[in-house]
Amino acid sequence: MTASLITDRLVLRGLTPDDAGHLTALDADPRVMRHLTGGRATPREVVEREVLPRMLGHQGLHASLGYFAAEERAGGAFVGWFEFRPVDERHPLDEVELGYRLRHSAWGRGYATEGALALLRRGFTELGVRRVTATTMAVNTGSRRVMEKVGLRHVRTFHQSWPDPIEGAEHGDVEYALEASDRIRAQASSRGPSGILGA
């Protein structure tokens, strides 16, 4: 089971088979799926047979890495999920992929930034993660803004050949990344004379 993480407003807990309904409802919103499938929903049988088993397959490989269901601390409402999983499971801390998918009603409230920052903080300070990457469509400005807010920097724009390209695919995809060494330097440069961050 992936270890839970609590932020000011969210609880990030490991996904379970009982989350199939939550994932189906999330993927049924064309606004949520716009930059993923062009707005097409993921049928529940696909969620149950393919999507959720794949996500659950990453649980337990490392106690603090994998996929997390995100719930509001006040009331427990499901708001989406976060991904913080190894790119190469043989070397889980060398490079970790950050991802997130939130309900439309949760957009614009800072939840994606809050959850991502908490995962980055634990990854770099507690787990010893060396590099974090994230990718999205170049036209997905909302997701890119979150990546930039949490400290990731644009690394490259690349183009893939998709069998069924969606609107905006012609602009390619972008990769963002943050190295542990860069994060340490950034923190050091933001410390004041007292050694307190932001002083």
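Pull up segment 121-147, narrow it to residues that are surrounded by fewer than 13 Cβ atoms within 10 Å (Cβ to Cβ) and among the charged types (D, E, K, R), then point me to the one that is farthest from the chain's Cα centre (by Cα).
GLU126
For segment 148-174, what are the residues that are under 27 Å from LEU93 (Cα atoms) and surrounded by 16 or more Cβ atoms within 10 Å (Cβ to Cβ)?
VAL150, GLY151, LEU152, ASP173, VAL174
Can you name the residue in segment 87-98 that is more than 13 Å from LEU12 (Cβ to Cβ) and not charged (D, E, K, R) and is also least open to solvent (accessible area, probe 1.4 Å) among such residues?
VAL96
The values are calculated or read from the model by the stated rules, or taken from the named source; none is laboratory data. Note that the structure is a prediction, hence the values are computed from the model and not measured. Cβ atoms come from the backbone with ideal geometry, glycine included; neighbour counts cover every protein chain shown. Ligands, DNA and RNA are excluded from the accessible area calculation, which covers all protein heavy atoms including side chains. Shrake-Rupley method; radii C 1.70, N 1.55, O 1.52, S 1.80 Å.
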